[in-house]
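The values are calculated or read from the model by the stated rules, or taken from the named source; none is laboratory data. Just so you know, these numbers come straight off a predicted model, no measurement behind them.
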Amino acid sequence: MKINKLIVAAIITLIVTTTSYGIYTYNKHNSMSDLMLANIEALADDEVSITGCQPNGGTCVISIGGTHIIKDDQHP
């Protein structure tokens, strides 16, 4: 009788251990890496900025990536 309880306990321990390891492995492989998250964030960032533009005219600086375009109402 004592041997049967020992066998049942060993089987339960084996099942729990195997299930836990399977869940751990599944979560480890399906999570996004830091590099992938950084790439997604970089693609989502807006690269266009407009500063100094006034509704009544004036000088405007438009930056697209690393290129700066200066718009001046006096020199269209």
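Here the condition is being at pLDDT below 70 and under 27 Å from the mean Cα position of the chain (by Cα); of H29, H75, it holds for H29 alone. Being acidic (D, E) and modelled with pLDDT of 70 or more is a description that applies to E41.
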